[in-house]
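Right, one structure below, let's go through it.
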Amino acid sequence: MAKEVTVTAEETAEVKVKTPKEKKQPVSRKDMTKWQWTLKEIKRNGTAYALVAPFMIIFCLFTVIPVIVSIALSFTNFNMLQWPDFVFMDNYIRLFLDDDLFITAIQNTLIFAAATGPISYLLSFVVAWFINELSPKIRAIVTLIFYAPSIAGSAYTIWAYIFSGDSYGFVNGWLLKLNIIQDPIQWFRDTTYCMPLCIVVSLWMSLGTAFLSFIAGLQVVDRSLYEAGAVDGVKNRWQELYYITLPCMKQQLMFGAVLAITGAFGFGGVVDALAGNPSVDYCAWTITHHLADYGGARFEVGYAAAISVLLFLMSFGSNILIKKLLSKLGQ
Amino acid sequence: MAKVAKLRTRKHAVVLNRSRGGDTGIAVMLILMGAFMFLPMLYVVLNSLKPLDELWYYPPRFYVVNPTFQNFSDLFRLMNTSWVPFSRYLFNTLLISVVGTLGNLILSSMAAYALSKIKFPGRDWMFQLIVMSLMFSAQASAIANFILMSALHWIDTYFAIIIPAWGSTLGLYLMKQFMESSVSDAVLESARLDGSSELNTFLKIAMPMVKPAWLTLIVYSFQGLWQTGSSIYIYSEELKTFSYAISQILSGGIVRQGAAAAASVVMMIVPIAVFVVSQSNIMETMATSGMKD
């Protein structure tokens, strides 16, 4: 309702400007059907469409259409050579009933996502909140220290040396020296340690864009709100955080959550470099590995498409869910 | 008023209701977490400066006693023995990064302007679609993308990397949000009434006002493309990237630990330096990054 009113107001304003020239047709929205109005608006905004078109075409071609095509292919047994046969739910049935490795992959992905997503999100916010009251120069330096690992490219391979399996690895060397262990531990080759270590490393490099967004968001919270809060009886920083800061940060929190969830489900690259591909006993095998295996190595494209559809649904679904939850914040 | 009088004042700003215990606790936590973040990075740099005997010292030492640039010269020697001249890998990465970033910048700013400052039918669902694309990782569309690339005969060409980068959405999202809040509608409206065409308004009035957002988009796009490693689309050795070549050295095993650390240092210097230079602009853009319901 509100929208219609503003549009009409704008239209009348425009008509007023044009009156000297074209007095004959004082067209207002009331005289037209919805479609006529839309058509007229489309014609009037040719430039706008010209401006969005190049981006939207490339975006649709390489992001939107591939998702739709994946969904379609997931119901077929396409192998890149023959025309795809429609097999309905066979791929999905095979995934859940006849593919033990996929069950491992989905378990690992969920564990990774449940561990890295929320923790990196909280870590990003907590650190941003901690450094909010530092002086600008020190804050810039601390920001760099926490943000650097996420943009440092291959630097995370240092963890492979820190937790190297021989006695020259940093951790093994010292544990041996201090007689805590007698034989070196095969960190990334041991199913007990492999997953937790991969999670630690991915947390190490997870303070990225969301973190920056939180820092900037905290800076623009209106300071007078804090002062008003103090006068109105906010007793300590925790109450201030809960009653003032968090509600003001809602939009940044939403943006950060989207990035954290997407990152958590796309996880896999870190594992390859540290634990090898495939990892020992598939202990860190994720959906992205399974997908690359069937799509890239075996060319069972229909099956791989089904895997990618599930990955898409898990990531997208969690995003929608968290968005719903966060929108309740401060209400 | 009594309460206001109790407020402590620090040099830079008024700070409210802060207990000393809380301050100390936060400082301790921050130092612990900072150490967890910083020490591995420092270890990479220190390892790259260690001579061979110190890399194999037992028990392992964190610090370096006789720093040397030997590892870096080893790295360059290894680079020269590669099959394709190393300058070619660097050229590939620079080409991909520059052309990819430039295209993304131009297309994104055009689209961001239209999406934030012009009202037209379809605008809202277009932006919804872009926000949705942030909600899943690229792997989810990789299979169909591969089919598309083969249909376009773009496999084993630069196009397969560069063109999709033009349609990357994070930069557009950030720029659209920034334009929405920092370019005032009144200014644009008065320009339009003065007879400025939409294109002119965009180029001459809106674009100069959103410099921080450009810079942020450039940094993000460049960082992403700079780190392009081995790709399923590229199999010719002479089209592969710098990051791929470096990763080949990294995977050379434990004997190359020194050179590998040097390679990591070389790879991380560029994105970190770029961030340091543009930090204040990026933070300004991030202040408007929030997502509305």
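The values are calculated or read from the model by the stated rules, or taken from the named source; none is laboratory data. Predicted, not measured: the structure shown is a model, and the values here were computed from it. Counting neighbours? That spans all protein chains shown, and the Cβs are built from the backbone with ideal geometry, glycine included.
Computed values, structure above
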item: Residue in region B:97-113 that is aliphatic (A, V, I, L, M), touching a residue at least 60 places away in the same chain (Cβ under 8 Å) and in a loop (DSSP other than H, G, I, E, B) present; result: no
item: Some residue of region A:30-49 being hydroxyl-bearing (Ser, Thr, Tyr) and modelled with pLDDT under 75; result: no
item: Subset of region A:135-168 (residues that are more than 7 Å from chain B (Cβ to nearest Cβ) and of a type in the set (Gly, Ala, Ser)); result: A:SER150, A:ALA160, A:SER164, A:GLY165
item: Conditions (1) surrounded by 24 or more Cβ atoms within 10 Å (Cβ to Cβ); (2) in a helix (DSSP H, G or I): number failed by A:GLY296; result: (1)
item: Answer residue from region B:183-206, given it is surrounded by 17 or more Cβ atoms within 10 Å (Cβ to Cβ) and within 12 Å of another protein chain (Cβ to nearest Cβ) and is farthest from B:VAL270 (Cα to Cα) among those; result: B:GLU198
item: Scan of region B:107-139 for residues that are among the hydroxyl-bearing types (Ser, Thr, Tyr), more than 13 Å from B:LEU170 (Cβ to Cβ) and facing chain A (nearest Cβ under 7 Å), ordered by number; result: B:TYR113
item: Residue count, region B:244-285 (criterion: free of Cβ contacts under 8 Å to residues at least 60 places away in the same chain, buried (at least 16 other Cβ atoms within 10 Å of the Cβ) and hydroxyl-bearing (Ser, Thr, Tyr)); result: 1
item: Leading residue by the ranking (surrounded by the most Cβ atoms within 10 Å (Cβ to Cβ)) among those in region A:79-95 that are under 17 Å from B:ALA140 (Cα atoms) and of a type outside the set (A, V, I, L, M); result: A:ASN91
item: Residue in region A:76-96 that is assigned to a helix (DSSP H, G or I), within 11 Å of chain B (Cβ to nearest Cβ) and among the aliphatic types (A, V, I, L, M) present; result: no
item: Some residue of region B:156-170 being at pLDDT below 90, surrounded by fewer than 20 Cβ atoms within 10 Å (Cβ to Cβ) and more than 7 Å from chain A (Cβ to nearest Cβ); result: no
item: Of all residues in region A:226-243 being free of Cβ contacts under 8 Å to residues at least 60 places away in the same chain and of a type in the set (A, V, I, L, M, F, W, C), the one that is nearest to the other protein chains (Cβ to nearest Cβ); result: A:ALA230
item: Test: residue in region A:243-266 that is in the same structural domain as A:SER308 (by TED's automatic domain parsing), on the phi > 0 side of the Ramachandran plot and either in a helix (DSSP H, G or I) or at pLDDT below 80 (or both); result: no
item: Unique residue being under 22 Å from A:ARG94 (Cβ atoms) and more than 7 Å from chain B (Cβ to nearest Cβ) when the list is A:ALA260, A:ALA273, A:ALA292, A:ALA304; result: A:ALA292
item: Verdict on A:GLN36 being within 30 Å of B:ARG192 (Cβ to Cβ), among the polar types (S, T, N, Q), surrounded by fewer than 20 Cβ atoms within 10 Å (Cβ to Cβ) and more than 7 Å from chain B (Cβ to nearest Cβ); result: yes
item: Residue in region B:218-225 that is more than 13 Å from the chain's Cα centre (by Cα), in a helix (DSSP H, G or I), among the aliphatic types (A, V, I, L, M) and surrounded by 15 or more Cβ atoms within 10 Å (Cβ to Cβ) present; result: no
item: Positions within region A:210-225 being surrounded by 22 or more Cβ atoms within 10 Å (Cβ to Cβ) and either without any contact (Cβ under 8 Å) to a residue 12 or more places away in the chain or farther than 30 Å from A:THR104 by Cα (or both), in sequence order; result: A:PHE211, A:LEU212, A:SER213, A:PHE214, A:ILE215, A:GLY217
item: In region A:137-161, the residues that are in contact with a Ser or Thr (Cβ under 9 Å, 6 or more places away or on another chain) and either of a type in the set (A, V, I, L, M) or surrounded by fewer than 16 Cβ atoms within 10 Å (Cβ to Cβ) (or both); result: A:ALA140, A:ALA152, A:ALA155, A:ILE158
item: Residue list for region B:172-205, restricted to those being in contact (Cβ under 8 Å) with a residue 40 or more places away in the chain and not in a helix (DSSP H, G or I); result: B:VAL183
item: Top-ranked residue of region B:35-75 - restricted to ones that are in contact (Cβ under 8 Å) with a residue 24 or more places away in the chain and polar (S, T, N, Q), ranked as farthest from the other protein chains (Cβ to nearest Cβ); result: B:GLN70
item: Residue list for region A:187-210, restricted to those being within 18 Å of B:PHE275 (Cα to Cα) and hydroxyl-bearing (Ser, Thr, Tyr); result: A:SER206, A:THR209
item: Matching residues, region B:127-154, being surrounded by 20 or more Cβ atoms within 10 Å (Cβ to Cβ) and in a helix (DSSP H, G or I); result: B:ILE130, B:SER133, B:GLN139, B:ALA140, B:SER141, B:ALA142, B:ILE143, B:ALA144, B:ASN145, B:PHE146, B:MET149
item: Criterion (more than 9 Å from chain B (Cβ to nearest Cβ), of a type outside the set (Lys, Arg) and within 18 Å of A:SER202 (Cβ to Cβ)) met by exactly one of A:CYS248, A:CYS283; result: A:CYS283
item: Residue tally, condition under 21 Å from A:TYR156 (Cα atoms) and touching an Asp or Glu at 6+ places or on another chain (Cβ under 8 Å), over region B:28-73; result: 2
